[in-house]
Structure formats: C-alpha cells, structure tokens
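Beneath this line is the structure, given in structure tokens, with notes to follow.
The values are calculated or read from the model by the stated rules, or taken from the named source; none is laboratory data. Fair warning: this is a prediction, and the values are worked out from it, not measured in the lab. Note that each Cβ is placed from the backbone with ideal geometry, even for glycine, and that neighbours are counted across all protein chains shown.
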Amino acid sequence: MVHPIDSVNFNVKDGNKDGLVNLSEKTCSCAKFEVDKLSCRQALAAIRYAKKPLPDYCGDSYKTTSWVKVYTGTIFPVEHPSDWNISEDVRSKVVLSPHFRA
C-alpha cells in the first residue's frame, strides 16, 4: 500500500518491509535504493504509484547504454604467445602458485 506524503515522498507499507521513499533523492529507509543503485520493492511501488519511468531510478551501470559503451572501442587481436617479445628480465621471473586455497 503506497501512501503519498507529498509529490516525491511516499510511505510504502507491504507488511514485511515498510519503507519511506524519496524519489527526488532516490532513497529508501531500507538503504538498498541508494547502496545498490537499484530500486527496492518499496521504491518500485512508489515509482509506479507516481507513474514515473522505471529506468530513471536505477544506476547507470545497470542500463544497456552503459553496457554498450564498454564494447564501443576497438578490440585488437593478441598475437600467438610464440610471437611475443618478452624481455629476459621478465622471462626469468618465476611465479609460484600458492600452497593453499584461501
């Protein structure tokens, strides 16, 4: 049940997880909204009640536009390891695996 306090603040009661939601600050009393940058269920209820677009209330890293930007640059193929030019000081280093699993 969504109870509007004003145009941006909502008191959302669902029996288990009640929350105070502020849509302009993108906050909820459960803190998931601001920590995860994803709308919690109380925020979702308030957003739907206010008839706002859902994508406006999630972090940019969750939007497909951000995912597309990751792959917009040129990806060059890597040569075969036998063709790599590795200096002797690097080639002579020995890296041992750990003796145990953490």
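Applying the set (1) among the small types (Gly, Ala, Ser); (2) in contact with a Leu (Cβ under 9 Å, 6 or more places away or on another chain); (3) within 17 Å of Val2 (Cβ to Cβ) to Gly15 leaves exactly one unmet item: (2).
Here is a yes/no grid of residues against (1) touching a helix residue (DSSP H, G or I) at 6+ places or on another chain (Cβ under 8 Å); (2) surrounded by 15 or more Cβ atoms within 10 Å (Cβ to Cβ); (3) under 20 Å from Tyr62 (Cα atoms):
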residue: Asn11; (1), (2), (3): no, yes, no
residue: Lys17; (1), (2), (3): yes, no, no
residue: Ala31; (1), (2), (3): no, no, yes
residue: Ser39; (1), (2), (3): yes, yes, yes
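Looking only at the range 21-45, residues that are free of Cβ contacts under 8 Å to residues at least 12 places away in the same chain and touching a Ser or Thr at 6+ places or on another chain (Cβ under 8 Å) come to 1 in all.
Only one of the numbered conditions (1) at pLDDT below 90; (2) touching a Gly at 6+ places or on another chain (Cβ under 7 Å) is not met by Trp67, and that is (2).
Taking the listed residues Gly73, Gly15, the one that is on the phi > 0 side of the Ramachandran plot and without any contact (Cβ under 8 Å) to a residue 60 or more places away in the chain is Gly15, with no other qualifying.
The criterion of at least 1 residues that are hydroxyl-bearing (Ser, Thr, Tyr) is met by the following helices (runs of 4 or more DSSP H) wholly inside the range 11-102: 41-49, 64-70. Residues in the range 61-85 that are out of contact with any Asp or Glu (no Cβ under 7 Å at 6 or more places or on another chain) and either among the polar types (S, T, N, Q) or surrounded by 10 or more Cβ atoms within 10 Å (Cβ to Cβ) (or both): Ser61, Tyr62, Lys63, Thr64, Thr65, Trp67, Lys69, Thr72, Thr74, Ser82, Asn85.
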